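Computed from the coordinates by the stated procedures, all read-outs in this text should not be read as laboratory data. Keep in mind it's a predicted model, so treat the numbers as computed, not measured. Here the Cβ positions follow ideal geometry from the backbone for every residue, glycine too, while neighbour counts run over all protein chains shown.
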Amino acid sequence: MPPKSQFSAEDVVNAAVRLVQRGGAEAVSARAVAAELKGSTMAVYHRIGSMEALLTEVQRVAQERQFASQLRPVTGEPLLDLAIGYVAFAREEPRLFRFLFFERSRPLPASVAKKTLALVPEALRPAMRQVSRSTGRVAGDLDAFVLKNWIFVHGLACLVSSRVLQLDDAAVGELLMDAGAAFSATQSRG
């Protein structure tokens with residue numbers, strides 16, 4: 001029987017998250033996690049199984065933090081709040097943002113994705129109804145509109161996370177409103 005570990009699987013994941021926050025995905029190794037916890041690599045593997053499983057859990061935690069940032073009410077407009085929260089997450093957690101979209105950009109396993117994505121639909125439904133009402137778009141057309149907006153939001157988030165742009169939530173909201181109006185105008189002409 002393996003020796004009892006003084007820390008839990010959650011402790012291991014949280015230690016790995018802290019390592020990503022400080023040094024990106026490359027900072028995460030069994031040895032670094034063990035040092036963070038002042039334990040052994042054997043205990044890390046015993047609690048989490050493999051480095052791949054650990055990185056998947058770090059990805060899940062990072063995604064949950066991103067969604068939590070997106071679900072923060074900022075303007076009272078649900079879709080705008082989701083977008084501002086996306087950029088705010090990139091600004092406040094630049095290494096976790098890069099981890100999610102550049103260092104670890106792969107789908108979560110179905111069981112983990114289901115649990116993680118369950119956080120978002122309740123917030124998305126009113127936002128999508130609002131966009132549908134305000135733009136007059138229906139499902140397929142609405143998907144294209146949302147995709148264009150997400151591409152802009154993601155680009156803005158990348159610029160903010162890399163510190164090329166330093167924008168607060170109000171400035172981000174203003175840019176998003178202008179871009180949304182531009183996308184809406186170009187689609188109504190086309």
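Between A35 and S162, the modelled labels are 2.9 nm apart [label points 7 Å from Cα along Cα→Cβ].
The slack in the chain from R72 to R22, taken as 0.36 nm per residue of separation less the alpha-carbon distance, amounts to 15.6 nm. In sequence order, the range 51-68 has phi-based couplings of 5, 4, 5, 5, 5, 5, 5, 5, 4, 4, 4, 4, 5, 4, 5, 4, 4, 4 Hz under the Karplus curve 6.51 cos²θ - 1.76 cosθ + 1.60, θ = phi - 60°, and Gly or Pro positions carry x.
For the listed peptides 63-70, 14-21, a ranking on the average number of other beta carbons within 10 Å per residue, highest first, reads 14-21, 63-70. In order along the range 25-30, the Karplus-derived 3J(HN,Hα) couplings, from 6.51 cos²θ - 1.76 cosθ + 1.60 at θ = phi - 60°, round to 4, 5, 7, 8, 8, 4 Hz, and Gly and Pro are given as x. For the range 23-38, the residues whose backbone nitrogen is under 18 Å from a point 7 Å from the Cα of E10, taken along Cα to Cβ, are 37.
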